[in-house]
Amino acid sequence: MPERRYHFISGLPRSGSTLTAAILRQNPRFHAGMSSPIASLFDGMISQVSAGTELSTTVTHTQRARLLRGLFDSYYAEHTEEVIFDTNRAWTANLPALMQVFPDARVICLVRDVSWIMDSMERQFRQNAFEHTRLFNAPGERSTVYTRVEALAGANRLVGYPWHALREACYSDYAERIVILEYDLLVNRPAEVFKLVYDFLGEQPFEHDFSAVDFDAPTFDSGLGLDGLHRVHPEVAPRPRTTILPPDLFEKYSTLAFWRDLPASKAFRIVANPPTAGDAPATPGGTMPTGPTPIGT
């Protein structure tokens, strides 16, 4: 049996990472799921052997790489699929170590206008009105829509952290190993998008059924106090809606789509035209590339 291959799913929350995993796992050669704990274990193992610890001088560079690879092989030991997609928003902040362990790996990074991410999170909060979700650290953070959004946008919080990490990754030495995939384009033109994703991964095409997608993680979501957070709709399709955020708040976060202008970055992009301001994201209109095209000179 050939050596198992690993790829990664990362990017921003509420941007289609669970949907992407649910589609990929239709391919019998692939395994993909929601966020795994490996990123935390990965960072923890590096900490255990870093300078200042008792183990720092006893574990060589080669041994460290082998131990880190072993985390993945052990965690996914029960799976027989040839290709594993591990999901975690932290991977874009750990590319130097990750890419030394997996020199052939690729990272699919899901993105979405930050204003619509905040809208989606606020909807989840209101739909679980009888729960105090664990996403907020204190009553003051959850007290109003303004404090909730501000908390989520913090540099080390649910939205702010992966936003900063992805931006760093786009200008890193490994930028050509990531593809930025925009949510609006994914739900409007999934067949075309996944053809490009397969090209980027170097995998043989597979005919996905975009009308029968299945994924849910009720136990995990209930632990966060956000029922339905990782539940996907069976059919991949756009679902336009009016934002529930106050207009000033929506406007504030609507300008943060840095991936639409990445001068000198080698990151690949599968992105649509910017959505028009107003009630709902616009349908993509003619800017889809014929293949994952590097940005820059």
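3J(HN,Hα) along region 104-117: 9, 6, 10, 10, 8, 10, 7, 9, 7, 3, 4, 4, 7, 5 Hz, from the Karplus curve 6.51 cos²θ - 1.76 cosθ + 1.60 with θ = phi - 60°, whole Hz, x for Gly and Pro.
Are there GluC sites (Glu not before Pro) in region 7-108 that DSSP puts in a loop and that have at most 10 other Cβ atoms within 10 Å, and which ones?
On the way: sites: Glu54, Glu78, Glu81, Glu82; in loops: Glu54, Glu78, Glu81, Glu82.
Here the sparse-neighbourhood loop sites are Glu54, Glu78.
Sorted fewest first by neighbouring Cβ atoms within 10 angstrom, Tyr6, Tyr76, Tyr183 come out as Tyr76, Tyr6, Tyr183.
Please work out the Cα convex hull volume for region 5-294 and give it in Å³ per residue. Before the final figure, lay out the partial values.
Details: hull volume 41.8 nm³, N = 290.
Value for region 5-294: 144 Å³ per residue.
Values in this text are rule-based calculations from the coordinates and carry no lab data. Every value quoted in this text rests on a predicted model; they were computed, and no experiment measured them. Positions of Cβ are backbone-derived with ideal geometry, glycine not excepted, and every protein chain shown enters the neighbour counts.
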